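The block underneath contains the structure these notes are about, expressed in structure tokens.
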Amino acid sequence: MKFVIALPLLVLCQQSMALADDPEQTPAKSGFQTGSFVVTPELGLTGVYDDNIFATRTDKQADQILIFSPSLNISSDWQKHELDFFANADIGRYQDYDTEDYDDFRLGTSGRYDLSEKDNLFAGLSYSEDHESRASPDSFFGRYPTEFSSLDAHAGTVRQFGQFAMRLGGTWQQLDFDDVPTETGILNNDDRDRDIYGLGLRLTHNQNPTMSPFVQAIYDRREYENTPDDNLFERDSDGYRLAAGFTSTISQTLKSEVYLGHLWQQYDEAAFSDISKPDFGASLRWLSGPSTLISAAVERDVTETTLFASPGAVETIYSANLQHRLLPYLILKSHISWSEYDYQEISREDDYLDVGFGLQYDLTQHIYLSGDYRYLHRDSSVDFDRLENSLDYDSHQIFLSINARLYPVRNELDTSMSRVWGSGKAAASGPNGFYVGGQLGHNTLATHSSEQRTEGGSDDARYGEAGFAGGLFGGYGWNRNHWYLGLELETENSDADWYHRKSKADSRTSSLEKNQTVGASVRLGRALINNSLLYARVGAVRTEFDAFYQLNDEPQNAYNDEFNLNGLRFGVGVELDLTEQWFARLDYTVTNYEDKDIVSTGFNEDYAIHEALFNLGIGWRFGAVPRHQLKVEPDSLAGPYAGVHMGYGMTASDLSGLHRDQSMGPYDFNAEFADHGFTPGVFAGYAVNWQRMLLALELEGEVTSLDWEHERNTNGGGGRDFSVEVGETIGAAIKLGYILDSGSVLYLRAGPVRTEFTTQWRKGNNANLDIEREDSLHGFRFGLGAEVPLTKQSFIRLDYTRTNYESYDFVTTHGGGSNSDEMSFDSSSNLFRLGLGLRF
């Protein structure tokens, strides 16, 4: 985690540009007027799903977090001078891992005293209590996140001397870290406590109104409370930065800054060499049209660390942000950043990727909803516990929030629904009444199996495979002001199953098959501009499963039974009007079932079952009435397009081969392993049309985090740990589609992909015999989907694909070949993606 240590640089920078057309700017003078101050309280409630809360490469743990975020801002409403106060908090509660709960808060004040129109004094003071990310290398072994407090102060002045301007500022920061218990004792963080003092000066020449050159100098002093630290290093240091650059103001919609210089950090510790590196930075803020705001930045700094034998890390960050108002009430937000941490004097480099996108939907002037997706990745050079790059990790996070502005909004927001839809004569409307339909689908079934073996040790595995499904659905829906609420019943049959067997006498044979499901759900949707219904759904299901489990040499004690499990099902989908009464549906759901114990003499296996199901359906609405229909010319869908998507799916691997145990065997081994995960990506293509037929060539790229693993602990030298991890994917596809009257497109797609696979195979205690191979595998991807217009240029995409990859195999060298394993891997992936695209 980065702490603010280049504070003098912050006080040298000009205040952020205030653009009237900033998509997120709050209307001026909104709030409670209290004397000469304006008070703006807000409340936020966010639900988060994080599939890797501990930021680990293996043994990932997922959880749901509920975050309560109150805030209060008080700003002066003066013609001259300025005084602001703020207080906000983030209170997080984890559903399963309550040791990760946190109570973060920040409060402070800042002000400006105007000496003249161009001269002023400024100052600020703040205090915060926060917690470190689980990805922090300085608190890797803590049983719960490291908490710390920060006391910050700054003061300075801005003076104008003819064509020259001076900005002089000083800063102080005091950091205090709490100790954290570990599995073996206490992680002492007292040697991280420190004070940071800074002083900065910038001189700017303002002769040219569009470009102003400047020079700047910065000094900082870092003093640790306890020195030397636990590793006997003196970490106090002095830092110096000299740079020259310019600010550019081409217009009120385009501002930038660039500087280049050199930085030094000199340490009191004789064993540490001084750091001397080029210093550079840049920033850009561009209002590209009335609805699009683009910002970008490059930053460099020297960060502190308590890693053994390293004085610190040279950090370089590249970032960009995009905000685009798709509709008066709907904002698209996206960000990307790449951070490089080069730890000095040790062989460690960490690179971080942070990518995300989301939508903000304004229900009223006071209430808005947000849905966001974030992908985090660390690529570290550290090897740990027999695993190369063992500190690498991927994390997928989904955020759903509701926020309330608890103050008067005096200038009407364009997001008011009455302003958006007007009288409603030409607006979209959702369906009403009863409906029935049938659907065919593809089902992916995954099971997390864990057992404490009676003979000692444990076994932990992710099994799974895919199959086909079919069923019926029916329900009733209400439409009001373009919002849709529906109740639905459904039934389905599936042949999804998985199988595992090793032919050794004391090994196991097991399988699981999904059969019939009945369920009920609530659907909440929104009618889009062409009457298509985009919806989310949540409900309960009851499913019949058929399980088999046997110790090969004890068939009389086999478990072979059918049972029913309850599950929570949630998902998304879209309905497209084919006629006034007929509609097509694309629906994707994920179901988590209650755990099931598979018990008999000699074993007690715990199954945690989850599944994903894609359905393509056709339905009929009873008593449908004509609705306004948007007419779209097919030619308007031709041309280039691009977009982003977020996917969820399963990687499955069929393993077959021969095992040898202590030079006995060989034993046949056949098993199907799989697990679900998230996949963000981008796509771009070019489309042409002939009447209502659409043909497109498309390129795509994904940062995949689909993997499965098996871990066997025998309390000795036996057992096997193995896994498959899917990495980046690039591909191309041909899409053939049909354009409906409403402008929606139903399409088929097919094309090649190339995907990075990492395979690990560990057996016994000799790490030199481990298999860890990286393969770039070719695959063939095919599927279907729909694109639905959101605005004249933007569209929402839902598609489902399957990818079959080429197989690969290997032979281990255990026992010089007499104890070797011979294995073959045949992998596939099934992926649903929800995307947002733009046509150019």
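The values are calculated or read from the model by the stated rules, or taken from the named source; none is laboratory data. Every value quoted in this text rests on a predicted model; they were computed, and no experiment measured them. Ideal geometry is used to build each Cβ from the backbone, glycine not excepted, and the neighbour counts take in all protein chains shown.
Residue by residue through the range 262-274, note down the ones that are assigned to a strand (DSSP E or B) and either in contact with a helix residue (DSSP H, G or I) (Cβ under 7 Å, 6 or more places away or on another chain) or crowded, with 20+ Cβ neighbours inside 10 Å (or both). Can you show your working first?
Going through the range 262-274, the residues assigned to a strand (DSSP E or B) turn out to be 262-267.
Listed by number, the residues that qualify are Leu263, Gln265, Tyr267.
Could you list, in sequence order, the residues of the range 564-577 that are surrounded by 16 or more Cβ atoms within 10 Å (Cβ to Cβ) and aliphatic (A, V, I, L, M)?
Step one: filter the range 564-577 for residues surrounded by 16 or more Cβ atoms within 10 Å (Cβ to Cβ), giving 565, 567, 569, 571-577.
Leu565, Val572, Val574, Leu576 - these are the residues of the range 564-577 that are surrounded by 16 or more Cβ atoms within 10 Å (Cβ to Cβ) and aliphatic (A, V, I, L, M).
Scan the range 804-815 and tell me whether some residue there is in a strand (DSSP E or B), among the aliphatic types (A, V, I, L, M) and either surrounded by 19 or more Cβ atoms within 10 Å (Cβ to Cβ) or on the phi > 0 side of the Ramachandran plot (or both). Step through it out loud before you land on a result.
Step one: of the range 804-815, the residues in a strand (DSSP E or B) are 804-805, 808-811.
With the extra rule that they be among the aliphatic types (A, V, I, L, M), the set shrinks to 811.
Adding the requirement that they be either surrounded by 19 or more Cβ atoms within 10 Å (Cβ to Cβ) or on the phi > 0 side of the Ramachandran plot (or both) leaves none.
The answer is no; no qualifying residue exists.
Criterion first (small (Gly, Ala, Ser) and more than 23 Å from Gly681 (Cβ to Cβ)) does Ser390 satisfy it?
Working: small (Gly, Ala, Ser): yes; more than 23 Å from Gly681 (Cβ to Cβ): yes.
So Ser390 fits the description; yes.
Identify all residues within the range 326-354 that are surrounded by fewer than 19 Cβ atoms within 10 Å (Cβ to Cβ), modelled with pLDDT of 90 or more and within 18 Å of Gly835 (Cα to Cα); write none if there are none.
Correct list: Lys333, Ser334, His335, Ile336.
Which residue is farthest from Gln360 (Cα to Cα), if the candidates are limited to the range 414-468 and must be modelled with pLDDT under 95 and aliphatic (A, V, I, L, M)?
Ala461
Go through the residues of the range 794-812 one by one and say whether even a single one is of a type outside the set (Phe, Trp, Tyr) and touching a helix residue (DSSP H, G or I) at 6+ places or on another chain (Cβ under 7 Å).
Looking only at the range 794-812, we keep the residues that are of a type outside the set (Phe, Trp, Tyr), and these are 794, 796-799, 801-804, 806-807, 809, 811-812.
Going one step further and asking which of them are touching a helix residue (DSSP H, G or I) at 6+ places or on another chain (Cβ under 7 Å), we end up with 812.
Yes, the range 794-812 has at least one match.
Could you look through the range 40-71, keep only residues that are among the aliphatic types (A, V, I, L, M) and more than 30 Å from Asn713 (Cα to Cα), and pick out the one that is surrounded by the most Cβ atoms within 10 Å (Cβ to Cβ)?
In the first step, residues of the range 40-71 are kept if they are among the aliphatic types (A, V, I, L, M); the result is 43, 45, 48, 53, 55, 62, 65-67.
Right, trim to more than 30 Å from Asn713 (Cα to Cα) and you get 43, 45, 48, 65-67.
Numbers: Leu43: 13, Leu45: 14, Val48: 19, Ile65: 21, Leu66: 13, Ile67: 18.
Within the range 40-71, the match that is surrounded by the most Cβ atoms within 10 Å (Cβ to Cβ) is Ile65.
Run down Ser653, Ser663, Ser600 and say which single residue is among the polar types (S, T, N, Q) and at positive phi. Break it down stepwise before answering.
Working: Ser653 fails: at positive phi; Ser600 fails: at positive phi.
Within the list Ser653, Ser663, Ser600, the selection yields Ser663.
Take the residues in the range 315-358 that are in contact with a strand residue (DSSP E or B) (Cβ under 8 Å, 6 or more places away or on another chain) and small (Gly, Ala, Ser); name whichever of them is farthest from Pro278 (Cα to Cα).
Checking each candidate, the answer is Gly358.
Would a scan of the range 146-166 turn up a residue that is touching a helix residue (DSSP H, G or I) at 6+ places or on another chain (Cβ under 7 Å), touching a residue at least 40 places away in the same chain (Cβ under 8 Å), surrounded by 15 or more Cβ atoms within 10 Å (Cβ to Cβ) and part of a strand (DSSP E or B)?
First pass over the range 146-166, keeping only residues touching a helix residue (DSSP H, G or I) at 6+ places or on another chain (Cβ under 7 Å): 146, 154, 156.
Checking which are touching a residue at least 40 places away in the same chain (Cβ under 8 Å) leaves us with 146, 154, 156.
Next, from what is left, pick out any that are surrounded by 15 or more Cβ atoms within 10 Å (Cβ to Cβ): 146, 154, 156.
Checking the rest, the ones that are also part of a strand (DSSP E or B) come to 154, 156.
Yes, that holds for at least one residue.
Which of the residues that make up the range 546-563 are surrounded by 14 or more Cβ atoms within 10 Å (Cβ to Cβ) and either assigned to a strand (DSSP E or B) or charged (D, E, K, R) (or both)?
Taking the range 546-563 first, the residues surrounded by 14 or more Cβ atoms within 10 Å (Cβ to Cβ) are 546-552, 554, 558-559.
Across the range 546-563, the qualifying residues are Asp546, Ala547, Phe548, Tyr549, Gln550, Leu551, Glu554, Tyr559.
If you check Asp506 against the conditions, is it among the acidic types (Asp, Glu), at pLDDT below 95, over 30 Å from Gln793 (Cβ atoms) and assigned by TED's automatic domain parsing to the domain that holds His610? Please lay out each step first, then the result.
Numbers: among the acidic types (Asp, Glu): yes; at pLDDT below 95: yes; over 30 Å from Gln793 (Cβ atoms): yes; assigned by TED's automatic domain parsing to the domain that holds His610: yes.
Taking the combined requirement at face value, the residue satisfies it.
Which of the residues belonging to the range 582-621 are among the basic types (Lys, Arg) and farther than 25 Å from Arg833 by Cα? Break it down into steps so the answer makes sense when it comes.
Filtering the range 582-621 down to residues among the basic types (Lys, Arg) leaves 585, 596, 621.
Once the filter is applied, which keeps residues that are among the basic types (Lys, Arg) and farther than 25 Å from Arg833 by Cα, the range 582-621 yields Lys596, Arg621.
Tally up the residues in the range 311-325 that are surrounded by 19 or more Cβ atoms within 10 Å (Cβ to Cβ), of a type in the set (S, T, N, Q) and over 21 Å from the mean Cα position of the chain (by Cα), please.
Qualifying residue count for the region: 0.
If we keep just the residues of the range 19-39 that are surrounded by 15 or more Cβ atoms within 10 Å (Cβ to Cβ) and among the small types (Gly, Ala, Ser), which is modelled with the lowest pLDDT?
Ser30
Might you check whether a residue that is in contact (Cβ under 8 Å) with a residue 60 or more places away in the chain and surrounded by fewer than 19 Cβ atoms within 10 Å (Cβ to Cβ) occurs anywhere in the range 460-478? Outline the logic, then answer.
To start, the set of residues in the range 460-478 that are in contact (Cβ under 8 Å) with a residue 60 or more places away in the chain comprises 460-466, 469, 471, 473.
Narrowing the set further to residues that are surrounded by fewer than 19 Cβ atoms within 10 Å (Cβ to Cβ) leaves 460.
Yes, because at least one residue in the range 460-478 is in contact (Cβ under 8 Å) with a residue 60 or more places away in the chain and surrounded by fewer than 19 Cβ atoms within 10 Å (Cβ to Cβ).
With the structure loaded, tell me whether Thr40 is in a strand (DSSP E or B), within 21 Å of the chain's Cα centre (by Cα) and not assigned by TED's automatic domain parsing to the domain that holds Gly677 or whether it fails that test. Don't jump to the end; show me each part of the working.
Values: in a strand (DSSP E or B): yes; within 21 Å of the chain's Cα centre (by Cα): no; not assigned by TED's automatic domain parsing to the domain that holds Gly677: yes.
No; evaluated as a whole, the condition is false for this residue.
Of the conditions (1) surrounded by fewer than 21 Cβ atoms within 10 Å (Cβ to Cβ); (2) in contact (Cβ under 8 Å) with a residue 24 or more places away in the chain, Gly649 fails just one. Which one is it?
Going through the list (1) surrounded by fewer than 21 Cβ atoms within 10 Å (Cβ to Cβ); (2) in contact (Cβ under 8 Å) with a residue 24 or more places away in the chain, Gly649 breaks only (1).
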